[in-house]
Structure formats: C-alpha cells, structure tokens
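Step one of this worksheet: look at the structure below.
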Amino acid sequence: MLKPWRIILELESDNSRLFKEGVIEKYLNELEFQEGLEMCLDPLVTFGVKQVPDSDHDGEGLGWNEFKKAAKQLIDRKKTGHAARDLIIELVNQSKKNQWNDWYRRILIKDLRCGVSEKTVNNVAKRMGIKFRVPVFSCMLAHDGAKHPKKIKGDCLVEYKYDGVRVIAIVKNGKATLYSRNGKIFYNFPHIENALSKSEFNNVVFDGEVMSDDFQALMKQVYRKSGAKTDDAYLALFDILPLDEFNSGKSNLNSIERKNELNKLSKKFDDVIKLVDYEVINFDEEKGQKKFAKMNKEALDKGFEGLMIKPNDNFYECKRSHAWLKIKPFIEVTLKVVDIQEGTGKHAGKLGAFSVEGEDDGKFFSLSVGSGLTDDERERFWSAKDKLIGRMVEIRADAITQSIESEHFSLRFPRFKNFRGFKEDEKI
C-alpha cells in the first residue's frame, strides 16, 4: 500500500475533480486511508484542540493503531488542556516528519488540504459499490412560505427570524462544539462554548443564531484566525433535540414539544444564551390572522429578517423541510382604485394593473399594482372594470418608499392581495 501521506500529496498534485476521484478509487479499500478520511471529514468527530504544531524532524515512526488510540483520548476528552498538548507533542516526536505533517496533523486539524470533501469520497464509494460512507453533516432548513401558502394553516409556532449566523451547538462529554449549517467548526465564540459546556447538556443539540448589535462587524469576526472580538455576541436558541435523533436525521418530538424541552433547560442557561421569542397562532381563525399581522409589523419595526412559521405537530428533519416556512416581513396597506390599466403582451385585453391612491397610517400613497393577480382574476376584473373604480383594495409590499421628486409615498414590490369586503368566490 502507498503510505496515506503519499496519497494526500498525490491528491494535491492536480486540481482536476476526475483526477482526485481516480486517486481515491485506487486507494479507498485501504483501511488506514479509509479510517483517516472518516476521522477527518466527519464533522461530529472533534479533537478539542486548536493549535497542532508542524514537525521539523523525523521520529522512529508512529503506527496507525497507536495514533488512533491517542486520537480517541482527544475525541472522548480524556485528554484536554495541557494534557492534550503534551500528548500531541509526544505524537509529533514519535512520527516521521511527512507522516505527521501530511497525514496525522491534517486529521487533527480537520483539514486534508488536498481538495477532497466527504461528498467526493462518498460519490467514489458509491460508484465502487462499497458500504463505506463518511457521515454528512446536515441540519434543518426552511422553505419559502410565500411559495407554499396552503401549508400555513392551523396551530403554528411563529418566531422572529433573527439576522445572525446560524449555529448548531453539539454537547458531548461535557464540551460544546459550535458548527455552521454546513458542518464547519466555529472557534471564535469561546464564551458561548463555555456557557453550553455543562454535563447536564450532554448529548444535546441546540439550534440557533449567534447575534450581536452589528451584523456586519460580527461577520468579519466569525472566521478570523486570531484576535477575533466576539465578546458582545450571544446565542439565540430556537430548537433542541437529542444527539442520537439529530444523527438519525429526525426528531421524535414535534415542534411544540421541543419548545417545552428547550424552555425547561433554559433555567440553566448563562446570560449569553437567550431564547427566540415566539407565539402560537391558529391561522384558521381571524384572531390568529390579526396576531400574525401584529407580529409581522413588529418584525418590520424591530429590524428582524422576517418570521418563521412552524406547524405545531411537525418534526425536526435534517434537510430542507416544509415543517419550517420563512416569511419576509411585509407592509400591508388599503388604498382606493382610481383607474384600471389594460395589460400588454399576453395580458392584452385583460387587467394590467390597478392605479390606487389613498391615505394609510398617516401617509398618502399613489402607485400602480399589477403583481399578485392570476390570469383568471385579470379576465374577471377587466370585464367588470367599471364596477371596481372606487373599491378599496388591500396591497402587500416589501417596504414603503418615497421619491425625492414627489411628496407621495409608494411601495416596493407591491402585490394585490384582495378587495376589502369581498367574500370568497363572490361574483363581481
């Protein structure tokens, strides 16, 4: 067998994806290479060390089994702090220079530095027909709620969507590790790590957003290699589940049950750990719709990125799921139809846009709105255009705008919602 560090150097020699896949296919059945790939590329395998020195001398050589035994002590946190540092120095002294620098060290720093990811390895393994796979890190992601309005119904958790950095915090052996949504480890929030590094949080996965007063400044600090200033950052949590369920890809508890578990644990949180505010809203009731409209307005006023809608009885899934729906905050105004414009192109002979005007919340608006209409509505409204002048129409938009040349206000991306007072399916 070619020594694993020689394989890494071969992989470094050519940036071609096909070349790298060919090299991996040639050696993937070799046990040490296979186990080293998994140890390095599996995001949930961590060693609890940040600084791993290079070697500048040759030792007698360190066998793979001896390295694995030492690495397991780091993984299990049996060796931490100075004891971990001393263990690594001992490993450096035993290893051949290239063996350490190009193989063992790269495993410990979780970076093979040869352009190979778990996806590449798994694709090759699948093509070869072998069972070996590197675990792929995945967390729950949301769909756009505007594209799935029929799924917003019944009792749902509604949360403010924070404008921060998504963080998955996993606690094992009393030590918290912070991951990005793609499985990269965050090292620059030690105060948050420490706040979650408690034995009572063992084998728990926390999901949330790291926040600070200045998002742009926070982003500059996230991946700094040294001197990061993140003392003002805090972790806003919105979900929780056991590690074994996270690894299996789906929770056993539904949304409201997980919230209850998170609320119980929150009594043990330090000041840098907070909970995301939420409401339970029934979207089938008028009272619920009013409460949602109020939250939407607050999201705009307070500068939140939007709202998250999570049906109560749905489960956490480690993939993009309709169990989470994100909604951008929006403006809703009610204005009077003052004119009706015919469409052009495929909308010729149909309604093109409403010209609307009126005062809402102390501002006078004047604009045209032609989005949000179905082809059927364009035909029906055009045929009854004379009856629609003077009607009040509800409009949804992203924001209020004002031109320098005009005293009147307008709306960014206005969309027709409905006529005020019209019942569903009522004929015009």
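Any residue at all in the stretch 402-421 that is under 29 Å from VAL158 (Cα atoms), over 36 Å from the mean Cα position of the chain (by Cα) and in a loop (DSSP other than H, G, I, E, B)?
Yes, the stretch 402-421 contains a residue that is under 29 Å from VAL158 (Cα atoms), over 36 Å from the mean Cα position of the chain (by Cα) and in a loop (DSSP other than H, G, I, E, B).
Taking into account only those residues within the stretch 144-170 that are of a type in the set (A, V, I, L, M) and not in a helix (DSSP H, G or I), which is surrounded by the most Cβ atoms within 10 Å (Cβ to Cβ)?
ALA169
Would you confirm, using the coordinates I've provided, whether ARG85 is in a helix (DSSP H, G or I) and exposed (fewer than 15 other Cβ atoms within 10 Å of the Cβ)?
It is false that ARG85 is in a helix (DSSP H, G or I) and exposed (fewer than 15 other Cβ atoms within 10 Å of the Cβ).
Pick from SER403, SER368: which is at pLDDT 90 or above, among the polar types (S, T, N, Q) and closer than 28 Å to ASN296 by Cα?
Exactly one residue qualifies, and that residue is SER368.
Got a sec? Which of GLY349, GLY345 is on the phi > 0 side of the Ramachandran plot, touching a helix residue (DSSP H, G or I) at 6+ places or on another chain (Cβ under 8 Å) and not basic (Lys, Arg)?
None of the other options fit; the residue is GLY349.
Restricting to the stretch 115-141, name every residue that is assigned to a loop (DSSP other than H, G, I, E, B) and in contact (Cβ under 8 Å) with a residue 60 or more places away in the chain.
Across the stretch 115-141, the qualifying residues are GLY115, VAL116, SER117, ILE130, PHE132, VAL134, PRO135, PHE137, SER138, CYS139, MET140.
Looking only at the stretch 150-162, which residues are under 15 Å from ASN296 (Cα atoms) and among the acidic types (Asp, Glu)?
Once the filter is applied, which keeps residues that are under 15 Å from ASN296 (Cα atoms) and among the acidic types (Asp, Glu), the stretch 150-162 yields only GLU159.
Got a sec? Which of ASN122, ASN98 is surrounded by fewer than 19 Cβ atoms within 10 Å (Cβ to Cβ), touching a Lys or Arg at 6+ places or on another chain (Cβ under 9 Å) and under 30 Å from GLU60 (Cβ atoms)?
Result of the check over ASN122, ASN98: ASN98.
Could you tell me which residue of the stretch 174-205 is surrounded by the most Cβ atoms within 10 Å (Cβ to Cβ), considering only residues that are among the aromatic types (Phe, Trp, Tyr) and in contact (Cβ under 8 Å) with a residue 60 or more places away in the chain?
Filtering first and then ranking leaves PHE201.
Which pairs turn up if I take residues in the stretch 51-71 that are part of a loop (DSSP other than H, G, I, E, B) and look for partners that are loosely packed, with under 13 Cβ neighbours inside 10 Å with beta carbon separation below 7 Å, at least 6 apart in sequence or on another chain?
none
Out of GLN73, GLN34, I need the residue that is polar (S, T, N, Q), closer than 16 Å to SER117 by Cα and surrounded by 14 or more Cβ atoms within 10 Å (Cβ to Cβ). Which one?
The match here is GLN34.
State yes or no: is ASP102 in a loop (DSSP other than H, G, I, E, B), acidic (Asp, Glu) and not assigned by TED's automatic domain parsing to the domain that holds LYS267?
In short, no.
So that you can scan it fast, the table gives a plain yes or no per residue for (1) of a type in the set (Gly, Ala, Ser); (2) in a loop (DSSP other than H, G, I, E, B); (3) more than 20 Å from the chain's Cα centre (by Cα); (4) modelled with pLDDT of 95 or more:
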{"position": "VAL205", "(1), (2), (3), (4)": "no, no, no, yes"}
{"position": "LYS229", "(1), (2), (3), (4)": "no, yes, yes, no"}
{"position": "ASN247", "(1), (2), (3), (4)": "no, no, no, no"}
{"position": "ASP270", "(1), (2), (3), (4)": "no, yes, yes, no"}
{"position": "ILE281", "(1), (2), (3), (4)": "no, no, yes, yes"}
{"position": "GLN289", "(1), (2), (3), (4)": "no, no, yes, no"}
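Any idea which of (1) closer than 30 Å to GLY249 by Cβ; (2) among the charged types (D, E, K, R); (3) without any contact (Cβ under 8 Å) to a residue 60 or more places away in the chain is the one ARG320 doesn't satisfy?
The single condition ARG320 does not satisfy is (3).
The values are calculated or read from the model by the stated rules, or taken from the named source; none is laboratory data. Everything quoted here is computed from the prediction, not taken from an experiment. A quick note on method: Cβ atoms are made from the backbone with ideal geometry, for glycine too, and the neighbour counts reach across all protein chains shown.
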